[in-house]
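Report on the structure given below.
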Amino acid sequence: MTQEFRLKDEGLIDRSKKISFKFNGKKYFGYEGDTLASALIANGVHLVGRSFKYHRPRGFYGAGVDDPYALVQLIRNNETIPNIKATEQELFEGLEAKSVNCWPNVNFDIGGINNFLRIFLPAGFYYKTFMWPKSFWYRIYEPFIRKAAGFGVVTHEHDKERYEHKYEYCDLLVTGSGPSGLASAYSAAKNGAKVILAEDKPRFGGSLLTSEVTIGNQTGKEWADKIVTELKEMPNVVVKNRAQVFGYYDHNMLVMSERISEHMPKTEKFMPKQKLWYIRAKEVVISSGSIERPIVFGNNDTPGILLSSAAKEYMKVYGVLVGKKPLIFTNNDSAYETAIEFKKNGINPIVLDSRKELNSDLITEAKNLGIDIKFEHVVVNANGYRKVKSADIAKISEDKTNLGKIENIACDCICVSGFWTPTIHLASQSGGKTKFNEDIDAFIPSQSKQNETTVGSANGIFNLNDTLKNSFEAGYELSKKITSKENKLSVPAVVEKKNSKHDKFWCVPLPKGKKYKRFLDFQNDVAVSDIELALREGYRSIEHVKRYTTLGMATDQGKTSNLNGLQLVSNIENKVVPEVGHTTFRPPYTPVSIGAIVGREVGKHSKPTRKSPMHSWHEKNNAVFVDAGLWLRPRYYKKGNETLFDASKREAENVRKNVGVCDVTTLGKIDVKGPDAAEFLNRVYTNAWLKLPVGKARYGVMLREDGIVMDDGTTTRVSENHYHMTTTTAQAANVLSHLEYYLQIVWPELNVNVVSTTEQWAGAAIAGPKSRDLLQKLFPETDCSNDGLPFMGFIETKLFGVYARIFRISFSGELAYEVNVESDNGNFMWEKIIELGEEFKIQPYGTEALSTLRIEMGHVAGSELDGRTTPFDNSLEGLLSKKKDFIGKRSLQKEAFISPDREKIVGVVPLDKKTSIPEGSYIVRDANAKLPNPKLGHVSASCWSVEYNNPFSLAIIKDGKNMIGQKLFALSPLKNKSIPVEIVSSHYVDPKGERVRS
Amino acid sequence: MLFIKCPYCGIRSQNEFAYGGDATVKRPELNKEISDKEWDDFVYNRKSPRGKHLEFWHHISGCRQWFKVHRDTATHEIFKTLKPHEEL
Ligand SMILES: [Zn+2]
């Protein structure tokens, strides 16, 4: 295929490097330096996709981020990526792209029928129609909408690309490398500031790439190139292209996405695809430029209609003609640059200018070139379906309400210019105020909230001379504040053309009897009539109009549509635009891929994994692991074909019969040290701690100030002023923060220090009737008898030469010990226990058996201490000291907490002794009562009691104490179960606690 | 993301810190008889102002010290940070 619309030698592309690519299955050629859009236009392709609602044919409207249409599905290195903007995607060898939002293909799209049904699809159509009947939603409406709407297709494959995050600090961040950005960055960098200059496009220079100006004795582009080269060589400057600053957050934190390898056929090894930069800048210069505004007229979304600045950019940067019979429709001077560019390339454009005949540098130049200019003329309507073929034009009255005789002229493109809209997104995101500038009919930043300064056309300054002057000044002043240096540069002299005043005109009236669709929002298909309807229906606030009509809510964030929408609302409402106000600008300015946001925190890297020192032993011995917070704990050790149920039952039975060993390293451990440690524990725990002797452990419960149980655990007095506190695995971090709060803020007079020692110790719980025999083997020199190491006793000793701590504490309800050694010796300890335990038939047990053992003993754990229960609820009232005050004590007087029918912990056994009760089941009196069935409480934990060989559960139910012996029901609507049960004591096994003391 | 000056470590990003609630609330002394109202004011009742607010933060991934932050809840402007027993 020849590139029929490619110019001979204009542009910044490299004609020596021909690139082949495919679009919708067809092969084309372009050049290095092209975007997908410019290469397609060079080949005469203007139809790229279908619009969102009506599936109307859509082409290219802009040449960069401003484009609302040109979304494609990109296939790169065997990966398919949705919603890539063709105007931003750089061409690479072998690129493949497809149109989105069309089926079966872009030329014949079934959804295009919506276009003919459009009178039935007005604003709010989806809200109105698909609301009723409700039952239709899932079966009919939703699948229909899903199929007909939407853009690209996401893959279900894992994204193999790598995305990185980077944190950076700088004195000055400059967002855009047009004349204002270059000038500020240069002037600040020369004054010693650490500068980051970010440019969204591959090429630096912004408007200087396409404008006919002189700076000093160079062309605009030459000057830009020189500045960029110099900046890149400075050690205090980071210059980034393909980098979009898309979000302005609190405290001058900005986020920028850098596209590192998307312009290449594939990502090289060790190279990320994108990098997300978190930049904390002392000062920010917003030099994001401006975007040309459309003028609204009939069928103004037809392919071949585009912004005049885009047409110029396609010629000057890419050497591509958007058409050979161009019509240029403008209300200001800048479109004349486009007309002149066409003329220079041998094409004869016709200019329609809505203004009365006037003269300016540009208009005179155009006239001298012999360009046909029709003043006081407008485009009324565009004809053509897949590509514009002709335009209906007419003379317009001075008040812009009456059209003259309609005339049809042939054209193959219409280049539109409705003046310029400053890109104030970042300035507004920063929290700064904006104001409406009547001179340019647009909002500009007014009052800054954070340290930012907006310069150049983003600030509504459209002439180069002022832009450079202000930007050099801003760069200097801002850097001086930071560096205290005074190296001021002189501003180069500028030669540019003077512009005449633009026409305050943005929408062409409909001719009598015509109902052309006049689009405001091209991506979301919002037309003038939709806004009119919304206002007729009573929507007033611009935020409501936006949501109802979806104006500006598409992925382009209304870059080309917002202001015209506001103009329309203010016209109808007879208000001025500032009274209507604009909707809130929110990040991101341009879409950001999820991969970039997630960065490298994917899969296993999404959070750290904590492993005990015995982890590899567990792995080797067929442990099946379970997540416990960040920890991985053995849930059970699988033998042969055992299920979880079989294995945990075997493990628990062995603890009751012989001896088992469980890895308890994950328990939180906190060293509490200092002369006031006892007093501190006495305030933190509900029970008494002042008289605990050295070498003894005690069980304690701590509350929050609101009286709810926070955590429980044993704490041991290691020496006079040294305690070893244990917490549950889940609450370890919270308990430490809690203790620090009281020590640092509430009772700073207490001389106590706390530090986490969780990872310093490896722990093994040895439990079962034969545990003492095993312990004696492990510690032959130590007296492990009931007298030598009584219940709740603690000794420091040696395990075959290794320092060890033995605590005689029990979670399983059996005779049990916990042995701690330093983490490095954890595996040694574990292997010794297994080795010497063999003669006692030792088996390791996991968390599932651990739960079984504690549940049938009635020991409370996380499922009962769930942040909603008091000590009374958990039958822990025996641990509440009456003699002293403690954290949360005052709350226990609350009426609700002492109410007699307060929920209380009980045991639950199914009457058939067979059916397991699902955790979370409700306990009710009558299984068949009318809904809502009054709920007495819930089942907090369930197990298979190995002691009695039947299911057993713990439940927390109203007036629990008096319910014992009653026959009730456990209902699980989730599992559709209704189980007759009997309420029993929560201490199902060994209620007197004789075993632990034996 | 806020930029918070820990009085002990200096300026760090918000993700090193945990919010710790209203710093103007004082815990009643231990063993002191107080009314339900006083206790409820301490445990539950907070003003949640729009504007200036003195609050606790905990430098949880840093020095682990609690300290006070004087912050505007609407604009997130931080006026001052103080050690726990310093007053504004
Ligand atoms: Zn700190």
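The share of C-alpha pairs in region A:691-784 whose separation exceeds 16 Å stands at 69 percent. The alpha carbon centroids of region A:25-100 and region A:295-309 are separated by 18 Å. Remark on A:Asp959: its backbone amide H falls under 5 Å from those of A:Arg902, A:Glu903, A:Lys904, a criterion applied only to residues 5 or more positions apart or on other chains, H modelled at 1.01 Å from N.
Taking the average, over residues, of other Cβ atoms within 10 Å as the packing measure, peptides A:39-46, A:922-929, A:789-796 rank A:39-46, A:789-796, A:922-929 from highest down.
When the solvent-accessible area of region A:357-489 is split by element, carbon and sulfur atoms take up 44 percent of it, the probe being 1.4 Å.
Across the options A:Ser606, A:Ile917, A:Val380, the greatest Cα extent toward the positive end of the charge dipole of chain A (unit charges at beta carbon of Lys, Arg, Asp, Glu) belongs to A:Val380.
Residues whose amide H comes within less than 5 Å of that of A:Trp631, counting only those at least five positions distant or on another chain, are A:Arg610 (H built at 1.01 Å from N in the peptide plane). For the protein assembly as shown, the antiparallel share of DSSP beta bridges with both residues in that region comes to about 75%. Of the chymotrypsin sites (Phe, Trp or Tyr not before Pro) found in region B:33-88, the ones in coil according to DSSP and having at most 10 other Cβ atoms within 10 Å of their Cβ are B:Tyr44. When only the Cβ of Lys, Arg, Asp and Glu is charged (+1, +1, -1, -1), the dipole of region A:663-853 relative to its Cα centre reaches about 380 debye.
Buried on complex formation within region B:1-33 (loss of at least 40 square angstrom of accessible surface versus the isolated chain, 1.4 Å probe, ligands and nucleic acids ignored): B:Met1, B:Phe3, B:Arg27, B:Leu30, B:Asn31. Our note on the geometry: Cα centres of region A:181-254 and region A:652-700, 63 Å apart.
For chain A, the longest principal axis of the Cα atoms and the long axis of helix A:562-573 meet at an angle of about 80 degrees. Accessible surface buried by the A/B pair amounts to about 2500 Å², both sides summed, 1.4 Å probe.
Compared with the dominant Cα axis of chain A, that is its longest principal axis, helix A:644-657 is turned about 30°. For region A:899-998, the Kirkwood estimate of the hydrodynamic radius, built from every pair of different alpha carbons, is 13.7 Å.
For region A:663-853, lysine pairs with C-alpha atoms less than 29 angstrom apart, excluding pairs fewer than eight positions apart on the same chain, total 23.
The mean number of partner chain beta-carbon atoms within 10 angstrom of a residue's beta-carbon across peptide B:54-63 is 1. Magnitude of the charge dipole for the protein assembly as shown, about its Cα centre and with charges confined to Cβ atoms of Lys, Arg (+1) and Asp, Glu (-1), is about 1880 debye.
Where the accessible area of region A:663-853 is counted over protein heavy atoms with a 1.4 Å probe, how much of it, in %, is carbon and sulfur? Carbon and sulfur: 49 percent of the exposed surface of region A:663-853. Counting heavy atoms of the protein chains alone, A:Asp646 has an accessible area of about 70 Å² for a 1.4 Å probe.
Can you pull out the trypsin sites (Lys or Arg not before Pro) in region A:1-65 whose DSSP state is coil and whose Cβ has at most 13 other Cβ atoms within 10 Å? For trypsin sites (Lys or Arg not before Pro) across region A:1-65 that sit outside H, G, I, E and B with at most 13 neighbouring Cβ atoms in 10 Å, the list reads A:Lys8. Determine the sum of side-chain charges near A:Ile19: Lys and Arg each +1, Asp and Glu each -1, restricted to other residues whose C-beta is under 14 angstrom from that of A:Ile19. With Lys, Arg at +1 and Asp, Glu at -1, the net is +1. Charge dipole (Cα centre; +1 on Lys/Arg Cβ, -1 on Asp/Glu Cβ; no other charges) of region A:804-894 amounts to roughly 880 debye. Burial of accessible area (probe 1.4 Å, heavy atoms of protein chains only) in region A:234-254, relative to its chain alone, reaches at least 40 Å² for A:Asp250, A:His251.
Heavy-atom accessible area for A:Arg997, with the other protein chains in place and a 1.4 Å probe, reaches approximately 130 Å².
With the alpha-carbon atoms of region A:154-256 aligned to their principal axes, the span from lowest to highest coordinate is 55, 30, 24 Å, starting with the largest.
Alpha-carbon geometry of region A:399-551: the Rg and the Dmax are 21.2, 68 Å, given in that order.
Across the options A:Phe791, A:Ala849, A:Tyr817, the greatest Cα extent toward the positive end of the charge dipole of region A:663-853 (unit charges at beta carbon of Lys, Arg, Asp, Glu) belongs to A:Phe791.
Less than 11 Å Cβ to Cβ from A:Ala697, Lys/Arg counted +1 and Asp/Glu -1: what total charge do the surrounding residues give? So the environment of A:Ala697 carries a net charge of +4. Under the rule a/c < 1.5 gives rounded, and otherwise a/b versus b/c splits prolate from oblate, where does region A:212-298 land using the Cα gyration tensor? Since a/c stays below 1.5, the shape of region A:212-298 is classed as rounded.
Scaled against 2.2 N^0.38 Å for its residue count N, the alpha carbon radius of gyration of chain A is 1.24.
In loop segments of region B:1-84 as defined by DSSP, the trypsin sites (Lys or Arg not before Pro) with at most 12 further C-beta atoms inside 10 Å of their C-beta are B:Lys26, B:Lys32, B:Arg46, B:Lys47, B:Arg50. In region B:27-88, a dipole from Cβ-located charges (positive for Lys and Arg, negative for Asp and Glu) runs towards its positive end, and of B:Thr75, B:Gln65, B:Ile34 it is B:Thr75 whose Cα lies farthest in that direction. As a fraction of the 1.4 Å probe accessible area of region A:899-998, surface on carbon and sulfur atoms comes out at 52 percent. Secondary-structure-derived ellipticity at 222 nm for chain A, considering helices only, amounts to -6000 deg cm²/dmol, per-run term -39500 (n - 2.57) for DSSP H runs with n ≥ 4. Once the 1.4 Å probe is applied to the protein heavy atoms, chain A comes out at 42 Å² accessible per residue. Can you list the residues of region B:72-88 whose accessible area drops by at least 30 Å² going from the chain on its own to the full set of protein chains, with a 1.4 Å probe? Residues shielded by partner chains are B:Thr75, B:His76, B:His85.
For A:Val984, the residues 5 or more places off, or on other chains, whose built amide H falls under 5 Å of its own are A:Gly907, A:Val908, A:Val909, A:Gly965. Over all orientations, region A:663-853 has a Cα convex hull whose mean projected area works out to 10.8 square nanometres.
The values are calculated or read from the model by the stated rules, or taken from the named source; none is laboratory data. Because the structure is a prediction, the values reported are computed rather than measured. Virtual Cβ from ideal backbone geometry, glycine too; neighbours counted across all protein chains shown. Side chains included, ligands, DNA and RNA excluded: accessible areas come from the protein's heavy atoms. Shrake-Rupley method; radii C 1.70, N 1.55, O 1.52, S 1.80 Å.
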